[in-house]
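Chemist: Let me give you the structure first, and then I'll get to my questions.
The values are calculated or read from the model by the stated rules, or taken from the named source; none is laboratory data. Bear in mind the structure is a predicted one, so any value in this text is a computation, not a measurement. Backbone-built Cβ (ideal geometry, glycine too); neighbour counts: all protein chains shown.
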Number of protein chains: 2
Amino acid sequence: MTQIPDKSTIHQAAERIRPYVHRTPVHTSEAINKLVHASVYFKCENFQKAGAFKSRGAVNAVFSLSDEEIRHGVCTHSSGNHAAALARAASLRDANAYIVMPENSSRIKIEATRNYGGIITFCAPTLSSREKTLEEVKDRTDAVEIHPYNNYMTIAGQATAAKELIEDIPGTPDFILAPVGGGGLLSGTALAVKYYSSGTKVIGTEPEGANDAFRSFHLKKWVPSENPKTIADGLLTSLGTLTFPIILNDVQSIVTVSEASIVEAMRLIWTRMKIIAEPSSSVPLAALLEKKFSFQNKKIGIILSGGNTDPDKLPW
Amino acid sequence: MTQIPDKSTIHQAAERIRPYVHRTPVHTSEAINKLVHASVYFKCENFQKAGAFKSRGAVNAVFSLSDEEIRHGVCTHSSGNHAAALARAASLRDANAYIVMPENSSRIKIEATRNYGGIITFCAPTLSSREKTLEEVKDRTDAVEIHPYNNYMTIAGQATAAKELIEDIPGTPDFILAPVGGGGLLSGTALAVKYYSSGTKVIGTEPEGANDAFRSFHLKKWVPSENPKTIADGLLTSLGTLTFPIILNDVQSIVTVSEASIVEAMRLIWTRMKIIAEPSSSVPLAALLEKKFSFQNKKIGIILSGGNTDPDKLPW
C-alpha cells in the first residue's frame with residue numbers, strides 16, 4: 001500500500017481485525033475529572049491482546065498479506081510491544097515471526113514475545129545494529145518486514161482505536177490525545193479523527209526527554225531522536241517518513257511533559273482507576289496535569305496505549 | 001431487619017443501590033484460563049465506587065434508613081474499605097459518617113475515608129478498643145451503627161455483586177468463589193446463588209494465616225480469629241453471628257491458601273489482566289492455583305473484591 005490510508009482503508013482495517021482483537025472498554029474516573037476539570041474518556045488499550053494497541057496494526061498488516069506473501073513468515077525489529085503483537089498476529093496465520101530485539105529489552109517484553117512463538121534474534125541496542133541484524137534475518141528467511149509504525153497498514157490498524165473511542169464517547173470529543181514515539185498511533189489517530197469526527201482536535205503528547213516529534217512538528221522539518229532519556233520506553237524512536245507528513249497535516253499540536261508528571265499520571269491511573277498503565281500510556285494524562293493547553297470543561301479522549309510494565313521495576 | 005434476606009430483599013437491594021454504584025464489568029484472561037484449565041470470570045469490584053464491593057452493602061444499609069433514622073448520621077468501626085464506602089454512602093444522603101479506625105490503618109484507606117467526608121476517630125488496633133471507642137462515639141452522636149458485615153442490609157447489598165455476575169456469565173457457572181473475612185461478601189454471595197443460580201456451588205477462600213472461617217465451617221462451631229497474620233488485610237476479622245449461619249447453610253466449602261499463592265495470584269492478575277487487585281481479592285485465584293478443589297474444565301465466577309492497595313507497599 002503506497003498511499004495515506006483513506007476512510008475506506010480504515011473501515012476495512014476495522015473489519016479485518018475485529019475477530020482477532022478486543023474492542024477495548026472506555027473507562028472514566030470521577031476523581032481524575034475533578035482534578036483536571038474536564039471529562040476524560042480513557043480508551044483502555046492496556047486490555048488489548050498482548051497488552052497494547054500494537055496488536056491492531058500488527059493484525060491488520062499480517063492479515064493483509066496473501067498466503068503467498070506470508071509463506072516465509074514476517075519479521076521486524078522492536079524492543080517492545082510491537083514484537084509481541086507481531087508474534088501473536090503471525091501465529092494466528094501459522095506463520096513464523098522473526099523478531100530482532102535489542103539485548104537490553106525488558107524481560108517482560110522478551111517473555112511475551114517468546115510466549116507468542118516469536119523467533120528472537122538479539123542485537124546490540126543501537127538503531128544501526130537493529131537494522132543490520134534485521135537485514136541479515138531478511139536475507140536468511142525471505143520473511144516480509146512489518147515495520148512497527150512506518151507502514152500504512154500498521155497505521156490503518158492503529159487508527160481503529162480512535163475510531164472506536166469516537167464511537168463510544170457520548171457526543172463529540174473536543175480533543176483526543178495520544179502519545180507519540182514513531183508516530184504510528186498518533187498518525188492513525190489523526191486520520192480516524194479526520195474521517196470520523198472532524199470537529200475534534202488531535203494533540204500529540206511526548207516526554208521532554210524524547211522530544212523529537214515536538215521539535216519536528218514545530219520546525220516543520222524532520223529531526224531525529226538523539227539520546228532520548230525517559231521512563232516512557234515506548235516513545236524513544238524517531239518519527240517515520242510515512243507518519244511525519246500525516247502528523248504535520250492532521251495533528252493540531254504536540255506538547256511535551258516532564259518525567260515527574262508522567263510518574264504522577266501513572267500513579268493516578270493506578271490508584272484511582274485501578275488499572276495498570278505503562279509509563280508511555282500515562283503521557284497524555286501528564287499533559288492534562290501540566291495544563292499544557294486549554295481544555296477546562298472540555299470532553300477529552302485519551303488513548304491509554306498499553307499496560308506492559310514490570311511490577312518489579314516501578315518508578316516510585 | 002431481623003431475618004435472613006430473602007430473594008425479594010436482594011432484588012430490592014439491587015434496585016435501591018443501582019443509581020449509586022457501578023454495575024462493574026466481568027473480565028476474563030486467556031492466559032489465566034490456560035494456566036488453571038478452567039474458564040474464569042472475574043467480577044471486577046476493584047472498579048466499584050470507593051474501590052471495593054463494600055460500597056454495595058454500605059449504600060444499601062444507608063439508603064434503607066428513614067430521614068428520621070439517619071438525622072444524627074451513621075457510624076462504624078473499620079480499618080478498611082467499609083470505612084470509605086460508608087463515608088461515601090452517608091455523603092450521598094448529606095449525613096455525617098463517624099468512623100472509628102485503628103491507628104495502624106493503611107494510609108491510603110485513611111485518605112480515602114477522609115476524602116469522602118468521613119469524620120475519623122482513631123483508636124488502638126485491638127477489637128476491644130475499636131468497640132469501646134465506637135460506643136463512645138455512639139453515645140456522643142446518636143448515630144446509627146452500620147456494621148461492616150454483621151447486618152442483614154449490608155449482606156443483602158453485598159449479594160448484588162454475585163447476582164450481577166450470575167447474570168453476566170454466559171450459561172450457568174459451576175462455582176462462584178469469594179474471599180471470606182467477616183463473611184458479609186461470602187454470605188451475600190451464597191444467598192444470591194441460592195436464589196438466582198441454584199445449580200452453582202459457592203466456595204469460600206481464606207488465607208491459612210487467618211483461617212477462623214475455615215475452622216468454624218468444618219467444626220460447625222464459631223471460633224474467633226486470633227492473632228491472624230496475612231497480607232490479605234481485608235480478611236483479618238472473625239465471622240459474625242449473622243453471617244456464620246448463612247455460610248454454614250449455603251456455602252459448599254471453605255478452603256485456605258498460602259501467603260505465597262496469594263502473592264502469585266495478585267501478580268498474575270496485575271500482569272495478565274492489567275488491573276489492580278488488592279491482596280484480599282487475589283485469594284480466590286490463589287485457591288485455583290493451589291488446586292484446592294476439583295474444577296478442571298469448569299466455569300468459575302470469582303468476586304474480585306477490591307483494588308485498594310498502596311503502590312508503595314507491594315509484596316514483591
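Chemist: Being under 30 Å from B:Val193 (Cα atoms), assigned to a helix (DSSP H, G or I) and touching a Gly at 6+ places or on another chain (Cβ under 9 Å) is the filter here; which residues of region B:123-162 pass it?
Modeler: B:Met153, B:Thr154, B:Ile155, B:Ala156, B:Gly157, B:Gln158, B:Ala159, B:Thr160, B:Ala161, B:Ala162
Chemist: Does region A:266-281 hold any residues that are on the phi < 0 side of the Ramachandran plot and touching a strand residue (DSSP E or B) at 6+ places or on another chain (Cβ under 8 Å), and which are they?
Modeler: A:Ile269, A:Met273, A:Ile275, A:Ile276, A:Ala277, A:Glu278, A:Ser280, A:Ser281
Chemist: Search region B:250-277 for residues that are more than 14 Å from chain A (Cβ to nearest Cβ) and within 25 Å of B:Ala213 (Cα to Cα) and pair each with any residue that is crowded, with 23+ Cβ neighbours inside 10 Å and among the basic types (Lys, Arg) when their beta-carbon atoms are under 7 Å apart and the residues are at least 6 apart or on different chains.
Modeler: Going by the 7 Å Cβ cut-off, there are no qualifying pairs.
Chemist: Counting only residues that are polar (S, T, N, Q), in a helix (DSSP H, G or I) and more than 19 Å from the chain's Cα centre (by Cα), which one in region A:1-46 is surrounded by the most Cβ atoms within 10 Å (Cβ to Cβ)? Walk me through it before giving the result.
Modeler: We begin by selecting, within region A:1-46, every residue polar (S, T, N, Q); these are A:2-3, A:8-9, A:12, A:24, A:28-29, A:33, A:39, A:46.
From what's left, in a helix (DSSP H, G or I): A:8-9, A:12, A:33, A:46.
Then keep just the ones that are more than 19 Å from the chain's Cα centre (by Cα); that gives A:8, A:12, A:33.
Details: A:Ser8: 9, A:Gln12: 16, A:Asn33: 14.
So, considering only residues that are polar (S, T, N, Q), in a helix (DSSP H, G or I) and more than 19 Å from the chain's Cα centre (by Cα), the one surrounded by the most Cβ atoms within 10 Å (Cβ to Cβ) is A:Gln12.
Chemist: Here's something else I'd like to know. Examine region B:30-53 for a residue that is of a type in the set (Ser, Thr, Tyr) and either away from every other protein chain (no Cβ under 13 Å) or on the phi > 0 side of the Ramachandran plot (or both), and state whether such a residue exists.
Modeler: Yes, region B:30-53 has at least one match.
Chemist: Of these, B:Phe53, B:Phe42, which one is aromatic (Phe, Trp, Tyr) and under 17 Å from B:Ile17 (Cα atoms)?
Modeler: After ruling out the rest, the residue left standing is B:Phe53.
Chemist: Inspect region B:184-194 for any residue being closer than 30 Å to A:Ile32 by Cβ and either among the hydrophobic types (A, V, I, L, M, F, W, C) or in a loop (DSSP other than H, G, I, E, B) (or both) and give the result as yes or no.
Modeler: yes
Chemist: Has region B:209-231 got any residue that is closer than 18 Å to B:Pro148 by Cβ, out of contact with any strand residue (DSSP E or B) (no Cβ under 7 Å at 6 or more places or on another chain), assigned to a helix (DSSP H, G or I) and in contact (Cβ under 8 Å) with a residue 60 or more places away in the chain?
Modeler: No, that holds for no residue.
Chemist: Then there is this: Give the number of residues within region B:176-199 that are surrounded by fewer than 24 Cβ atoms within 10 Å (Cβ to Cβ) and in contact (Cβ under 8 Å) with a residue 24 or more places away in the chain.
Modeler: Qualifying residue count, region B:176-199: 5.
Table: residues versus (1) in contact with a Lys or Arg (Cβ under 9 Å, 6 or more places away or on another chain); (2) surrounded by 16 or more Cβ atoms within 10 Å (Cβ to Cβ); (3) modelled with pLDDT of 95 or more; (4) away from chain A (no Cβ under 14 Å).
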position	(1), (2), (3), (4)
B:Asp212	no, yes, yes, yes
B:Pro228	no, yes, no, yes
B:Leu248	yes, yes, yes, yes
B:Ser281	no, yes, yes, no
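Chemist: Filter region B:50-66 down to residues that are in a helix (DSSP H, G or I) and surrounded by fewer than 24 Cβ atoms within 10 Å (Cβ to Cβ), then give me how many there are.
Modeler: 1
Chemist: Regarding B:Ile262, is this residue in contact with a strand residue (DSSP E or B) (Cβ under 6 Å, 6 or more places away or on another chain) and β-branched (Val, Ile, Thr)?
Modeler: The answer is no for B:Ile262.
Chemist: Could we say that B:Val263 is in contact with an Asp or Glu (Cβ under 6 Å, 6 or more places away or on another chain), of a type in the set (A, V, I, L, M) and within 30 Å of A:Asn115 (Cβ to Cβ) here?
Modeler: When the stated conditions are applied, B:Val263 does not pass them.
Chemist: Taking region B:302-316 as the search range and keeping residues that are of a type outside the set (Phe, Trp, Tyr) and within 9 Å of chain A (Cβ to nearest Cβ), which one is surrounded by the fewest Cβ atoms within 10 Å (Cβ to Cβ)?
Modeler: Here the residue is B:Asp312.
Chemist: Assess whether B:Thr133 counts as being surrounded by fewer than 24 Cβ atoms within 10 Å (Cβ to Cβ), touching a strand residue (DSSP E or B) at 6+ places or on another chain (Cβ under 7 Å) and hydroxyl-bearing (Ser, Thr, Tyr).
Modeler: yes
Chemist: Could you list, in sequence order, all residues of region A:85-109 that are over 18 Å from the mean Cα position of the chain (by Cα) and modelled with pLDDT under 95?
Modeler: A:Pro102, A:Glu103, A:Asn104, A:Arg107
Chemist: Which numbered condition in (1) within 30 Å of B:Ala50 (Cβ to Cβ); (2) surrounded by fewer than 24 Cβ atoms within 10 Å (Cβ to Cβ); (3) away from every other protein chain (no Cβ under 14 Å); (4) out of contact with any Gly (no Cβ under 8 Å at 6 or more places or on another chain) is the only one that A:Lys299 fails?
Modeler: Looking at each condition in turn, A:Lys299 falls short on (4).
Chemist: Separate question: Given the criteria away from chain A (no Cβ under 14 Å), over 21 Å from A:Gln48 (Cα atoms), crowded, with 21+ Cβ neighbours inside 10 Å and without any contact (Cβ under 8 Å) to a residue 60 or more places away in the chain, does B:Ala83 qualify?
Modeler: So B:Ala83 passes the test.
Chemist: Can I ask one more? Just wondering, is there one or more residues in region B:169-176 that are outside any loop (DSSP other than H, G, I, E, B), in the same structural domain as B:Ala38 (by TED's automatic domain parsing) and more than 10 Å from the chain's Cα centre (by Cα)? Walk me through how you get there before you give the answer.
Modeler: Going through region B:169-176, the residues outside any loop (DSSP other than H, G, I, E, B) turn out to be B:175-176.
From what is left, the residues that are in the same structural domain as B:Ala38 (by TED's automatic domain parsing) are B:175-176.
Now drop any that are not more than 10 Å from the chain's Cα centre (by Cα), which leaves B:175-176.
There is at least one residue in region B:169-176 that is outside any loop (DSSP other than H, G, I, E, B), in the same structural domain as B:Ala38 (by TED's automatic domain parsing) and more than 10 Å from the chain's Cα centre (by Cα).
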